[in-house]
Amino acid sequence: MSYLPSGLPIPVPENDGLDKPYWDATRRGELLVQRCKKCGTFQWGPEWICHKCLSFDVDWHKVSGKGRIYSWERPWHPVHPALKDHGPYIVVLVELPDAGNVRMLGNLLGNPKQEVHIGAEVQAVFEPHDDAKPPFTLVQWKLA
Amino acid sequence: MSKRTLRGKVAIAGVGETPYYKHGKAPVSEFKLALQAILAACEDAGIDPRRIDGFASYSNDRNEPSRLAAALGLPALRFSNMNWGGGGGGGSAAMGNAAAAVACGMANCVVVFRALAQGQFQRFGAAPPGGVAAGEAALNAPYGVMSPAQRYAMRAMRFLHENNIAPSAQRAIALASYHHAQSNPRAVMHGRPLTAEAYDQSRWIVEPWRLFDCCQENDGAAALIVVPAEEARDFKHKPAYLLGSAQGSEYRNGARSHNAPLYATSSFTTVAPQLYDMAGLKPKDVDVVQSYENFTGGVLMSLVEHGFFTAEDANDFLTPENLMAPTGKLPLNTSGGNLAECYMHGLELQIEAVRQIRGASTAQVPETDVSMVISGPMVTPVSSMIFGTEATL
């Protein structure tokens, strides 16, 4: 059961392969962010170079999935046909204290009309879409 | 070596626009709208369109300079410029780019323009069905983050949270735009006033933004003609001189997946100081401001970053009275702006800023010498600019 209805755009890796390790890992139930091999800086979204030391030797690093809500929004107006008549949903921007406070996006699971508190602790959960073509897995968030 | 600057080097000789339509309602093609606005600007300046020798635009405008030059029979095309970046962030940047070309002699009569007929192409505020998403979009669209409002609401939400901003602050911005539109017959919302009660009862688009916090979507075209300052007095109207122009965004603003280190900004923290430095002015010198409303929260942050008040003072400063011409402390969006005049992707704001310098606005601020435009908050790059009368040179 997915949080949002099917029919939304399906995420695919970029043609140049930059984010393929991330999407492959979500299929295994692992959450990866980038980390520079040379200076240890965490980085998200993915890029070909470390923004801190300009090394091209940027590696992938598995994180625990512990996070904290940094900001949020509640869309009501459906801008995509798949969301017509669906009602509101919650999007959270989550910072990862175990990974240099890089931020990741996702939906906050549970009641779409719940109060949302900036600073609340959350945990990553994996939402597989096995029937999609091609199949993919989203990283979502639940209150910890 | 003297300071390199655009201050006082160019002026606006003419402005023009088509009638403004609701989105999808333009009766003619987008390219024809562009031509109509350009010819209207030439008429306003009192010049032969064959004097045009350059074009500047932004946001991937579809109407290419080479086609325009051919259609208009221009003797020679000397300057073609597109400012990278989506949204309206390039509005003032395109003016600055045109000014730079004129100031350094690459061209002599450059048109800055924007044309939109969304019914003939994809709408901004709606996503196409199905499909795949890659790159930045893959990290947003599957979670239901597709439209500009959804893309930027979390930046504003963080700012509202950090600074305890009351809902009345965003509301005041919407009320000021609608108030000014009531005296502007060009405005799409002319004759459709907005009350505080109607604002409060309007539906959420995406929290923290209601319907009236969000810009319209419209069809139309707008154009301005940039000429060297030494020729500025040869045209029909009082010239508006460019005093400053700046574009860009702060450190790593474009980091993907909402990872800008300074997230709760409208992207102007480095741009605004650069603008004031070129113009040699301070916020208190500005008589009237046109500030691009994609969403009211973006205007709020833009005004803070341009130094008109602090985030701590925002709740007190942002009242409808303070934002209304002619007597408000900071008359804002005096044509009705993107919310209530027309979402001409912000270029109607440059035209209104020129009208304030000419003394020809439908919500004129008395004794205006310095007139500012802020383009496209929260996107990157953003841009802003200042016009002045001859007295400011």
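Collect residues whose amide H, placed 1.01 Å from N in the peptide plane, falls under 5 Å from the amide H of B:Arg114; neighbours closer than 5 in sequence don't count.
For B:Arg114, whose amide H was placed from the backbone, the distant partners under 5 Å are B:Ala222.
Rounded to the nearest 500, what is the 222 nm mean residue ellipticity of chain B from helices alone, with -39500 (n - 2.57) per DSSP H run of 4+ residues and division by all residues?
Here the helix-only value at 222 nm equals -8500 deg cm²/dmol.
Normalising by the residue count of chain A, find the relative contact order in percent from Cα pairs under 8 Å and 6+ residues apart. Provide the component values of the computation, followed by the final result.
Numbers: 281 pairs, mean separation 32.0, N = 144.
The normalised contact order for chain A reaches 22 percent.
Can you grab the distance from the C-alpha centre of the range B:359-393 to the C-alpha centre of the range B:130-193, Å, no decimals?
Each part's Cα centre sits 22 Å from the other's.
Which residue, A:Ile49, A:Ile90, A:Ile69, tops the fluctuation ranking in a GNM of chain A built on C-alpha contacts under 10 Å?
Between A:Ile49, A:Ile90, A:Ile69, it is A:Ile49 that shows the largest mean-square fluctuation.
Could you let me know the centre-to-centre spacing of the range B:293-346 and the range B:206-229, using Cα atoms, in angstrom?
First find each Cα centre; the distance between them is then 14 Å.
Which far-off residues, 5 or more places away or on another chain, put their amide H under 5 Å from the one on A:Val122, with H placed in the peptide plane?
A:Gly67, A:Arg68, A:Ile69, A:Ala144
Straight distance only, please: which lysines reach the Cα of A:Lys66 with their own Cα at less than 19 Å, same-chain residues fewer than 8 apart left out?
Candidates past the 8-residue exclusion: A:Lys142.
Taking each residue in A:101-107, count the Cβ atoms of any other chain within 10 Å of its Cβ, then average. What number comes out? Mind showing how you got there, number by number?
Details: counts 2, 3, 8, 4, 8, 4, 4.
That works out to 5 on average.
Starting at the first residue of the range A:113-126, write each ³J(HN,Hα) from the Karplus equation 6.51 cos²θ - 1.76 cosθ + 1.60 with θ = phi - 60°, in whole Hz, x for Gly and Pro.
Here the 3J(HN,Hα) series is 9, 5, 5, 10, 10, 4, x, 5, 7, 9, 10, 5, 10, 9 Hz.
Along the Cα-to-Cβ line of B:Glu207, 7 Å from the Cα, sits a label point; which residues in the range A:6-23 have backbone N less than 15 Å from it?
Answer for the range A:6-23: none.
Take the alpha carbon gyration tensor of chain B, find the square roots of its eigenvalues, order them as a ≥ b ≥ c, and report rounded if a/c is under 1.5; if not, report prolate when a/b exceeds b/c, else oblate.
rounded
If you average the sequence gap of Cα pairs under 8 Å that are 6 or more apart and divide by the length of chain B, what percent do you get for the contact order?
Reported as a whole number, the value is 25 percent.
Using only Cα atoms, locate the centre of the range B:69-104 and the centre of the range B:243-290, then give the distance between them in Å, rounded to an integer.
The range B:69-104 and the range B:243-290 have Cα centres separated by 21 Å.
Compare A:Arg35, A:Arg27, A:Arg74 in a GNM of chain A, Cα atoms joined below 10 Å, and give the one with the largest fluctuation.
Taking springs between Cα atoms under 10 Å, the residue moving most is A:Arg74.
Can you flag which of B:Lys238/B:Lys282; A:Lys52/B:Lys9; A:Lys52/A:Lys113; A:Lys38/B:Lys3; B:Lys32/B:Lys282 are past 31 Å Cα-Cα?
A:Lys52/B:Lys9; A:Lys52/A:Lys113; A:Lys38/B:Lys3; B:Lys32/B:Lys282
Under the 0.36 nm per residue contour assumption, what length would be gained going from the current alpha-carbon distance of B:Ser2 and B:Glu136 to full extension? Don't skip to the answer; put the middle values down first.
Working: separation 134, 0.36 × 134 = 48.24 nm, distance 4.30 nm.
Extending this stretch completely gives an extra 43.9 nm.
Starting from the amide H of B:Leu243, placed 1.01 Å from N in the peptide plane, find each other amide H under 5 Å away whose residue is 5 or more places distant or on another chain.
B:Gly8, B:Ile386, B:Phe387, B:Gly388
Figure the gain on full extension for A:Lys113 and A:Asp98 (residue separation times 0.36 nm, minus the Cα-Cα span) and round it to one decimal in nm. Could the numbers behind the result be given before it?
Numbers: separation 15, 0.36 × 15 = 5.40 nm, distance 2.90 nm.
That pair, A:Lys113 and A:Asp98, stretches by 2.5 nm at full extension.
Kindly write out, for the range B:91-97 in residue order, the coupling ³J(HN,Hα) from the Karplus curve 6.51 cos²θ - 1.76 cosθ + 1.60 (θ = phi - 60°), rounded to whole Hz, with x marking Gly and Pro.
Each residue of the range B:91-97 in turn: x, 6, 5, 4, 4, x, 5 Hz.
Quote the charge dipole size of the range A:20-143 about the Cα centre in Debye, to the nearest 20; the model charges only the Cβ of Lys and Arg (+1) and of Asp and Glu (-1).
That gives a dipole near 200 debye.
So for each of B:357-369, B:327-339, B:267-279 I average, over its residues, the number of other beta carbons within 10 Å; can you give me the resulting order with the highest mean first? Before the final figure, lay out each step's value.
Working: B:357-369: 18.2, B:327-339: 24.8, B:267-279: 21.2.
Answer by packing, highest mean first, reads B:327-339, B:267-279, B:357-369.
For chain B, set up a GNM with springs between Cα atoms under 10 Å and report which of B:Ser183, B:Ser371, B:Ser257 has the largest fluctuation.
So, out of B:Ser183, B:Ser371, B:Ser257, the one fluctuating most is B:Ser257.
Do the sum for chain A: with -39,500 (n - 2.57) for every DSSP H run of n ≥ 4, divided by all residues, what is the mean residue ellipticity at 222 nm, to the nearest 500 deg cm²/dmol?
Calculated from helices alone, the mean residue ellipticity at 222 nm is -1500 deg cm²/dmol.
No lab work stands behind these numbers, since they all come straight from the coordinates. The shown structure was predicted, so the numbers you read here are calculated from the model rather than taken from an experiment. Methodologically, a virtual Cβ is constructed for each residue, glycine included, from the backbone with ideal geometry; neighbour enumeration extends over all protein chains shown.
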